[in-house]
Amino acid sequence: MEQFALDAVERITTRKPEVYDTIAVDPLTPLLGAEVSGLDLSKELTDEQLDEVKRAFLAHHVLVFRDQTLSGEDHKRLAAHFGELHPVALAADGSDEFILEISATRESRAVAGAGWHADGTADAEPSLGSMLYITRTPEIGSGGDTLFANMHLAYELLSPAMRTFLDGLTAVHDGLLAWQGQTPPPEYVVPRTEHPVVARHPETGRKLLFVNGAYTSHIVQLSRDESRAVLDMLFAHIARVPMLNCRVRWTPNTLVFWDNRCVQHHATWDYYPHSRYGQRVAINGHRPQPGGTVAP
Ligand code: SIN
């Protein structure tokens, strides 16, 4: 590995660990994700518990809470501690405005989220984070894992010359791309927004790569051919470097909370014709701010 990549990993693995009193936090990898135990999320969290969950979220970016029994109201109440809830686009009549059903059955011909992406990046103010609560896992006992990738590290593992090149560029995120050639219903107002290619996390100040294969159509300052080549290189980098990833193996009644500002995810559909069911609540974020030219 190149020295700059070793330095990037070392910066994370030698960070002073957070200390928690009310929860236990067990990292999934040294670089991304953690299992959190000691909480019953159906109960109102104390200020101290909430503060520790927030610190763990900023340190690990993906938090896994197992064996939770949650109503839709519990799920929304928990999410509301982190920001305003994001209404579901094209919510079915009679369904909850803020709860998106994530469901796959024998009849499915596609599943939500199969492809690297962060939620809602075509919006002017992309999602802060999502909470997915999976209650039914495939009957065969495995499958349907969700993969996550750390976009801070994705940026830091690029060469200094590539980072300098990308800093200051902007890219268009186009909601139509996610429809993969299908026509959305007429009532769907397609979001389309220009965002910095390299952004800064609003809470930690760390730089991150903010382009994804599901929504990013092109880099504004480059020719179409150059843009395609650079985006394809970045998407391959995100998909190809195992140390960027953690993998959540779901058990029934697990809630996972991920940070859409600095993590991408990819649902694995390896269980057809078996079924999987869950509900997702998303939290509104703010407009990403450019990373600037100073060090990561
Ligand atoms: C999503 O993209 O939110 C769905 C993820 C999953 O089903 O694992």
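The values are calculated or read from the model by the stated rules, or taken from the named source; none is laboratory data. Just so it is clear, the model here is predicted, and its values are computed rather than measured. Ideal geometry is used to build each Cβ from the backbone, glycine not excepted, and the neighbour counts take in all protein chains shown. We work out accessible area using only protein heavy atoms, side chains counted, and drop any ligands, DNA or RNA first. Shrake-Rupley method; radii C 1.70, N 1.55, O 1.52, S 1.80 Å.
Specify the residue that is most open to solvent (accessible area, probe 1.4 Å); the eligible residues are those in the stretch 142-155 that are within 14 Å of the ligand (Cβ to nearest atom) and in a strand (DSSP E or B). Per the criteria, the residue is LEU147.
Restricting the stretch 70-87 to residues that are free of Cβ contacts under 8 Å to residues at least 60 places away in the same chain and touching an Asp or Glu at 6+ places or on another chain (Cβ under 8 Å), the residue that is farthest from the ligand (Cβ to nearest atom) is ARG77. GLU97 meets each of the listed conditions (1) of a type in the set (Asp, Glu); (2) touching a strand residue (DSSP E or B) at 6+ places or on another chain (Cβ under 9 Å); (3) assigned to a helix (DSSP H, G or I) apart from (3).
Quick check, is ARG247 open to solvent by 10 Å² or more (accessible area, probe 1.4 Å), more than 13 Å from the ligand (Cβ to nearest atom) and among the basic types (Lys, Arg)? Here the answer is no, as ARG247 does not meet what is asked. Within the stretch 2-23, can one find any residue that is out of contact with any Leu (no Cβ under 6 Å at 6 or more places or on another chain), of a type in the set (S, T, N, Q), under 15 Å from LEU255 (Cα atoms) and open to solvent by 50 Å² or more (accessible area, probe 1.4 Å)? Scanning the stretch 2-23, I find no residue that is out of contact with any Leu (no Cβ under 6 Å at 6 or more places or on another chain), of a type in the set (S, T, N, Q), under 15 Å from LEU255 (Cα atoms) and open to solvent by 50 Å² or more (accessible area, probe 1.4 Å), so the answer is no.
Is one or more of the residues making up the stretch 232-244 within 16 Å of the ligand (Cβ to nearest atom) and open to solvent by less than 30 Å² (accessible area, probe 1.4 Å)? Break it down into steps so the answer makes sense when it comes.
So in the stretch 232-244, the residues within 16 Å of the ligand (Cβ to nearest atom) come out as 238-239.
From what is left, the residues that are open to solvent by less than 30 Å² (accessible area, probe 1.4 Å) are 238.
The answer is yes; a qualifying residue exists.
Residue count for the stretch 217-231 satisfying the condition of being buried (at least 19 other Cβ atoms within 10 Å of the Cβ) and hydrophobic (A, V, I, L, M, F, W, C): 3.
In summary, ALA161 fulfils each of the numbered conditions (1) over 29 Å from GLN3 (Cβ atoms); (2) more than 18 Å from the chain's Cα centre (by Cα); (3) more than 16 Å from the ligand (Cβ to nearest atom); (4) without any contact (Cβ under 8 Å) to a residue 60 or more places away in the chain with the single exception of condition (1). Could you tell me whether the stretch 84-91 includes any residue that is at pLDDT 95 or above, out of contact with any His (no Cβ under 6 Å at 6 or more places or on another chain), open to solvent by less than 20 Å² (accessible area, probe 1.4 Å) and not hydrophobic (A, V, I, L, M, F, W, C)? Among the residues of the stretch 84-91, not one is at pLDDT 95 or above, out of contact with any His (no Cβ under 6 Å at 6 or more places or on another chain), open to solvent by less than 20 Å² (accessible area, probe 1.4 Å) and not hydrophobic (A, V, I, L, M, F, W, C), which makes the answer no. Across the stretch 258-277, the qualifying residues are those that are touching a helix residue (DSSP H, G or I) at 6+ places or on another chain (Cβ under 8 Å) and within 12 Å of the ligand (Cβ to nearest atom), and the one among them that is nearest to ALA80 (Cα to Cα) is VAL263.
Of all residues in the stretch 109-135, which are within 11 Å of the ligand (Cβ to nearest atom), hydrophobic (A, V, I, L, M, F, W, C) and either surrounded by fewer than 20 Cβ atoms within 10 Å (Cβ to Cβ) or farther than 15 Å from ALA149 by Cβ (or both)? Passing the criteria: VAL111, ALA112, ALA114, TRP116, MET131, LEU132, ILE134.
Could you list, in sequence order, all residues of the stretch 278-290 that are open to solvent by less than 20 Å² (accessible area, probe 1.4 Å) and more than 11 Å from the ligand (Cβ to nearest atom)? Full working, then the answer.
First, pick out the residues of the stretch 278-290 that are open to solvent by less than 20 Å² (accessible area, probe 1.4 Å): 278, 281-283, 285.
Hits for the stretch 278-290 are ILE283, GLY285.
THR105 falls short on exactly one of the conditions (1) at pLDDT below 95; (2) in contact with a Ser or Thr (Cβ under 6 Å, 6 or more places away or on another chain); (3) hydroxyl-bearing (Ser, Thr, Tyr), and that condition is (1).
Out of GLU139, GLU101, I need the residue that is within 14 Å of the ligand (Cβ to nearest atom) and of a type in the set (Asp, Glu). Which one?
Numbers: GLU139 fails: within 14 Å of the ligand (Cβ to nearest atom).
Only one candidate passes the filter, namely GLU101.
Report yes if some residue within the stretch 171-187 is open to solvent by less than 10 Å² (accessible area, probe 1.4 Å), in contact (Cβ under 8 Å) with a residue 12 or more places away in the chain and outside any loop (DSSP other than H, G, I, E, B); otherwise report no. First the steps, then the outcome.
Start the filter on the stretch 171-187 by keeping residues that are open to solvent by less than 10 Å² (accessible area, probe 1.4 Å), which leaves 171, 173, 175.
Keeping just the survivors that are in contact (Cβ under 8 Å) with a residue 12 or more places away in the chain gives 171, 173, 175.
Now restrict to residues that are outside any loop (DSSP other than H, G, I, E, B): 171, 173.
There is at least one residue in the stretch 171-187 that is open to solvent by less than 10 Å² (accessible area, probe 1.4 Å), in contact (Cβ under 8 Å) with a residue 12 or more places away in the chain and outside any loop (DSSP other than H, G, I, E, B).
Of all the numbered requirements in (1) touching a residue at least 24 places away in the same chain (Cβ under 8 Å); (2) over 30 Å from LYS54 (Cα atoms); (3) not small (Gly, Ala, Ser), HIS265 misses one, and that requirement is (2).
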